[in-house]
Structures are given as C-alpha cells and as structure tokens.
Amino acid sequence: AAIEKMKIHVGIPIRPEAAERLPDAHAIIEKIGPCIAQPKIDGFRLQIHVDKTKKNPLIRFFSRNLTDMSSMFPEFVAACQALAVKSIILDGEAIVYDPNTHQFMSFQETVKRRRKHGIDRMVSEFPLQLHVFDLLYLNGKSFLNKKQNERRKELETILSETDQTIRIIEERHIATGGELENYFIREIAAGLEGIIAKRPDAPY
C-alpha cells in the first residue's frame, strides 16, 4: 500500500522501461498486434528531468543505470530551459551526429562524450542530438499509466521534429509483419540499430 502511494519527484530517476527481443517482425505482430514502431538509436539512453518552478531551475540527465550524468551534456541545458513547461521528465537517446551530412555517427564516436574533463571541446567536436521517445511526467502529473498514444500526443505539443538539439523521435503505425520487416530493413540501411515496437494502449 505504501509503494502504491509513492509519487514522482523530479530529480530522482525512474527505472527505465525495457524492451524484449523477438526473433522477427512477424513474431512481434503475433504477440502485440498492430503497433507503433520507432527507430532504435545506438547512443546514450537518457532520462531528462526539468523543474523550472524552483528559484534555480533543476535540470538533470540520468543514464540507463540511473547514474547522474548531468555535467556531460551542456548543450541540452539551454534547450531544456526553453521548453514551454513548468516541470517534465522525458525518456530518450542521445547520439553524435554530423551537422553537415545530417547523419548519425557510430556508437564508438558517441561514447567519446562519456567523460568528466574537456567537455567543452568535445561538445564542438562531437555534437549530440537528443531523440525523445517518451513522456513520464508533465507539470506535476505522472504519465506512467497513460496509454502510449496519449503520451505521444502530449509530447507532440511540447517537442518538434525539426529542432536540431532535442527532437521527438519519428514513429510509424504498423499493421502487418511485412510492413514492420520493411521498416526494420530501412532503419538498418540508414545505420541505426533496428526498431522498437510498442502497443498503442500500453502504459510506460
């Protein structure tokens, strides 16, 4: 009963949602039915916490293992401050990209940003984009139990697909195994890790 009464506190990380591997696209459709598919980006999984209700706004970035990595991503701070929200918790993936070719770089390039010193130099040499794929909390309200499509709709009012620093990840509505297989092949050809499939009515 006490656990059920626990509330989200911005600045304290939430255990991230995990994915399950299945052997092929048809097995995914067989298990979850028509779904939402998103690119699987091979970067740093980040949980972003922002609270602008405080005198000194709180902005924190936590790793997949709930480690505070806030000092490593100064380029995301200004973009988070610019969000038209009072408080928010987002789930996403940060990856190095080439602003000239607009191509993602390999994980080996992205991992060079995992450091405590010389960060300013690395920001210019290895610029990051943050691709957000989920909304956990907004303006004092938990979104953990809301449906995936409801969380996405709210995200679309906050984030833009064209912002070059923090972007909302693209998604496709998929009905068949063949459609999902084609989308998977396209994402692999683009140099990404694969795809993530989600039920439209699933909570976080």
Projected-area mean, segment 42-85, by convex hull of Cα positions, square nanometres = 3.5
ask   = Between Asn182 and Asp68, what is the label-to-label distance in nm when each label sits 7 Å out along the Cα-to-Cβ direction?
value = 4.9
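Please list 75-85, 177-187 highest first by mean number of surrounding beta-carbon atoms within 10 Å per residue. Intermediate results must be reported in sequence, preceding the final value.
Values: 75-85: 15.2, 177-187: 16.8.
In decreasing order of mean packing, 75-85, 177-187 become 177-187, 75-85.
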query = Packing-wise, with mean Cβ within 10 Å as the measure, how do 62-68, 146-152 rank, highest first?
reply = 146-152, 62-68
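Over the residues of segment 1-86, compute the C-alpha Rg and express it relative to 2.2 N^0.38 Å.
Details: Rg = 17.1 Å, N = 86, 2.2 N^0.38 = 12.0 Å.
Here the Cα radius of gyration is 1.43 times the empirical estimate.
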ask   = lysines within cross-link reach of Lys153: Cα-Cα under 24 Å, excluding same-chain residues under 8 positions apart?
value = Lys7, Lys40, Lys52, Lys86, Lys141, Lys198
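FYI, it's all coordinate maths here, none of it is from the lab. Bear in mind the structure is a predicted one, so any value in this text is a computation, not a measurement. In this analysis, Cβ positions are derived from the backbone assuming ideal geometry, glycine residues included, and neighbour counts consider all displayed protein chains.
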